[in-house]
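Asks: Could you have a look at this structure, given as structure tokens, before my questions?
FYI, it's all coordinate maths here, none of it is from the lab. Treat the numbers as computed from the prediction; the structure is a model and nothing was measured. Neighbour counts are summed over all protein chains in view; Cβ atoms, including those assigned to glycine, are modelled from backbone coordinates with ideal geometry.
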Amino acid sequence: PFDVLVVGGGPAGATAAIYAARKGIRTGVVSERFGGQTLDTMGIENFASVPYTEGPKFAAELENHVRQYDVDIMNTQNATTLTPAATEQGLVEVELASGARLLSRSVIVSTGARWRSMNVPGETEYRNKGVTYCPHCDGPLFKGKRVAVVGGGNSGVEAAIDLAGIVSHVTLIEFDAELRADEVLQRKLRSLPNVEILLNAQTTEVVGDGAKVTGLTYAERTTETWHSVAVDGVFVQIGLLPNTEWLSGTVDLTPRGEIVIDDHGRTSAPGVFAAGDCTTAPFKQIIVAAGAGATAALGAFDHLIRTSTP
Ligand code: FAD
């Protein structure tokens with residue numbers, strides 16, 4: 001069996017594998033796509049010590065770094081079930097879609113998350129050409145320009161407030177008759193001079209000139225009329241879905257599907273740790289996920305020391 005089996009090869013999982021391998025213990029990483037969300041990213045400019053890199057390059061370097069160590073890397077493998085250990089000292093089992101069963105004294109789940117998309121024409125075509133899901137990452141690209149934020153929950157309203165300080169104008173588009181964000185955020189949003197809020201507005205299409213976004217269209221749901229807004233950027237903020245469906249019933253999840261962890265990265269199941277975007281940790285960012293991966297690996301190592309028989 002492994003001492004540490006990491007499920008997920010994004011920034012969290014790769015960092016966890018490096019930390020575990022450096023302890024000289026048997027380490028494995030199972031992942032569907034090594035690199036995770038960073039594979040879908042263009043420029044990365046907020047990872048300290050790396051002023052600029054690109055997602056696919058960052059992902060390849062993550063994998064190369066892990067390969068410097070004696071780690072069993074199992075790529076393009078999908079984990080389908082996790083069976084917690086029967087006792088504190090027991091083995092955790094992870095089953096793969098291929099039918100293989102892997103046993104480990106500890107498991108670190110770092111299966112990440114995916115952005116909910118609007119599923120409207122133009123959204124996929126203009127992804128990274130004006131359509132974006134990450135205000136912390138891409139906000140500065142729209143300095144002085146006009147943008148739309150789709151979604152009036154906490155993340156959408158926070159994004160609109162954040163962007164209003166960078167861009168020239170923000171149009172916030174909410175499907176419902178009211179915003180769902182916390183009152184204090186709504187008050188802040190309404191106090192900003194360069195923000196317009198559209199309620200009952202259903203985004204119907206992202207429009208562009210072939211190379212980049214030029215605007216979007218929406219349906220006003222009460223009057224059933226169609227309108228368009230000219231913008232250079234569309235920030236989609238309608239939810240981040242954790243990749244944890246395969247864990248239901250085995251470790252505690254929040255109603256939104258995030259794995260509940262403590263400050264050592266421990267989950268509710270003994271020997272099972274978690275890190276990164278699939279957990280309750282706030283702020284879904286590469287550097288935050290990487291740090292959480294280190295925490296979970298050190299947490300797992302601590303667990304192994306305490307449960308190993310002399
Ligand atoms: P992920 O990167 O999501 O990795 C999850 C891993 O788990 C992948 O290897 C995946 O294949 C694997 N996996 C999932 N399910 C299974 C399963 N059942 N079995 C096996 N493997 C599985 N952050 C920044 O800090 N700066 C940026 O500039 C930036 N730009 C971004 C741009 C885009 C377009 C996106 C989508 C995100 C961006 N982010 C950025 C956010 C950042 O990419 C994430 O916060 C980070 O990748 C999370 O790391 P993670 O390891 O937790 O999960």
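Asks: Quick one: net charge around VAL260, please, counting Lys, Arg +1 and Asp, Glu -1 for every other residue with C-beta under 10 Å from its C-beta.
Replies: Details: positive: ARG266; negative: ASP252, GLU258, ASP262.
Result for the neighbourhood of VAL260: -2.
Asks: Ok, one more. Please give every one of the lysines within straight-line cross-link reach of LYS145, meaning a C-alpha to C-alpha distance under 20 Å, and leave out same-chain neighbours fewer than 8 residues apart.
Replies: LYS129, LYS212
Asks: Work out the length of the dipole vector of the chain about its Cα centre, built from +1 on the beta-carbon of each Lys and Arg and -1 on the beta-carbon of each Asp and Glu, and round it to the nearest 20 debye.
Replies: Values: 25 positive and 35 negative charges, 100 e Å.
Dipole magnitude for the chain comes out near 480 debye.
Asks: Right, next: Sorting check: for 6-19, 106-119, which peptide has the highest mean count of neighbouring beta carbons within 10 Å, and how do the rest follow?
Replies: Details: 6-19: 30.7, 106-119: 23.1.
In decreasing order of mean packing, 6-19, 106-119 become 6-19, 106-119.
Asks: Debye sum, Cα scatterers, the chain, no solvent: what log₁₀ I/I(0) at q = 0.07, 0.08, 0.14, 0.15 1/Å?
Replies: Scattering profile of the chain, log10 relative to I(0): -0.32, -0.41, -1.01, -1.10.
Asks: Which whole-number percent gives the relative contact order of the range 114-256, counting Cα pairs below 8 Å spaced six or more residues apart? Intermediate results must be reported in sequence, preceding the final value.
Replies: Numbers: 292 pairs, mean separation 44.9, N = 143.
Computed over the range 114-256, the figure is 31 percent.
Asks: Give, as a single signed number, the net charge of other residues whose beta carbon lies under 11 Å from the beta carbon of GLU61, with Lys and Arg counted +1 and Asp and Glu -1. Walk me through the numbers before you get to the answer.
Replies: On the way: positive: LYS57, ARG67; negative: GLU54, GLU63.
After counting each charged neighbour, the total is 0.
Asks: Scale the Cα Rg of the range 184-310 by the rule-of-thumb value 2.2 N^0.38 Å and send over the ratio, two decimals.
Replies: Numbers: Rg = 21.8 Å, N = 127, 2.2 N^0.38 = 13.9 Å.
Output field value: 1.57.
Asks: For n ≥ 4 DSSP H runs only, could you compute -39500 (n - 2.57) per run for the chain, divide by its residues and tell me the 222 nm figure to the nearest 500? Write out the running numbers ahead of the final one.
Replies: Values: 6 runs with 69 residues, N = 310.
Only helices count here, giving -7000 deg cm²/dmol.
Asks: Is the range 242-310 best put as rounded, prolate or oblate by its Cα gyration tensor, with a ≥ b ≥ c the root eigenvalues, rounded for a/c under 1.5, and otherwise prolate when a/b is larger than b/c, oblate when not?
Replies: Numbers: a/c = 2.78, a/b = 1.35, b/c = 2.06.
In terms of gyration-tensor shape, oblate.
Asks: Also, quick follow-up: Can you list the cysteines of the chain that have no other Cys Cβ under 4.7 Å away?
Replies: CYS278
Asks: Using amide H atoms built 1.01 Å from N in the peptide plane, name the residues 5+ places from ASP72, or on other chains, whose amide H lies under 5 Å from its own.
Replies: Here the answer is THR27, GLY28, VAL29, since their amide H atoms fall under 5 Å of that of ASP72.
Asks: Using each residue's phi in the range 149-158, evaluate 6.51 cos²θ - 1.76 cosθ + 1.60 at θ = phi - 60° and report the 3J(HN,Hα) Karplus result to the nearest Hz, with x for Gly and Pro.
Replies: Result, ordered by residue: 10, 9, x, x, x, 4, 5, x, 5, 4 Hz.
Asks: Just need the relative contact order of the range 53-180 here, percent rounded to a whole number, with Cα pairs under 8 Å and 6+ apart.
Replies: Values: 117 pairs, mean separation 17.0, N = 128.
It comes to 13 percent, rounded to a whole number.
Asks: Could you give each residue of the range 267-282 its phi-based ³J(HN,Hα) in whole Hz, using Karplus coefficients 6.51, -1.76, 1.60 with θ = phi - 60°, and x for Gly or Pro?
Replies: Karplus-based 3J(HN,Hα) across the range 267-282 equals 9, 6, 9, x, x, 10, 10, 8, 7, x, 5, 7, 10, 6, 4, x Hz.
Asks: Below 8 Å, C-alpha to C-alpha, sequence gap of six or more: please give me the relative contact order for the chain in percent. Mind showing how you got there, number by number?
Replies: On the way: 738 pairs, mean separation 65.7, N = 310.
It rounds to 21 percent for the chain.
Asks: Please work out whether the range 105-158 counts as rounded, prolate or oblate from its C-alpha gyration tensor, where a ≥ b ≥ c are the square roots of the eigenvalues and a/c under 1.5 means rounded, while otherwise a/b larger than b/c means prolate and anything else oblate? The partial results should precede the final answer.
Replies: Numbers: a/c = 2.11, a/b = 1.80, b/c = 1.17.
Prolate, since a/c reaches 1.5 and a/b exceeds b/c.
Asks: So, one more: Note down the Stokes-Einstein diffusion coefficient of the range 100-236 in µm²/s, whole number, using a Kirkwood radius over alpha carbon pairs, 20 °C, and 1.002 mPa s. Write down the numbers at each step before the final one.
Replies: On the way: Rh = 15.8 Å.
For these conditions, the coefficient is 136 µm²/s.
Asks: In whole Hz and in residue order, list the ³J(HN,Hα) couplings for the range 302-309 that follow from phi through the Karplus curve 6.51 cos²θ - 1.76 cosθ + 1.60, θ = phi - 60°; x for Gly and Pro.
Replies: Computed from phi, the couplings for the range 302-309 are 4, 4, 5, 4, 6, 9, 7, 7 Hz.
Asks: Across bins of 10 angstrom width beginning at 0, how are the C-alpha pair distances of the range 1-122 distributed, in whole percent?
Replies: Using 10 Å bins, I get a P(r) of 13, 40, 31, 13, 3, 0 for the range 1-122.
Asks: Could you work out the local net charge near VAL167, counting Lys and Arg as +1, Asp and Glu as -1, over the other residues with Cβ closer than 14 Å to its Cβ? Intermediate values should be presented prior to the final figure.
Replies: Values: positive: LYS143, LYS145, ARG146; negative: ASP138, ASP162, GLU196, ASP232.
Local charge sum for VAL167: -1.
Asks: Would you work out if the range 121-195 is rounded, prolate or oblate? Take a ≥ b ≥ c from the square roots of the eigenvalues of the alpha-carbon gyration tensor; rounded if a/c is under 1.5, else prolate when a/b is larger than b/c, oblate otherwise. Spell out each step's value before the answer.
Replies: On the way: a/c = 2.03, a/b = 1.34, b/c = 1.52.
Oblate.
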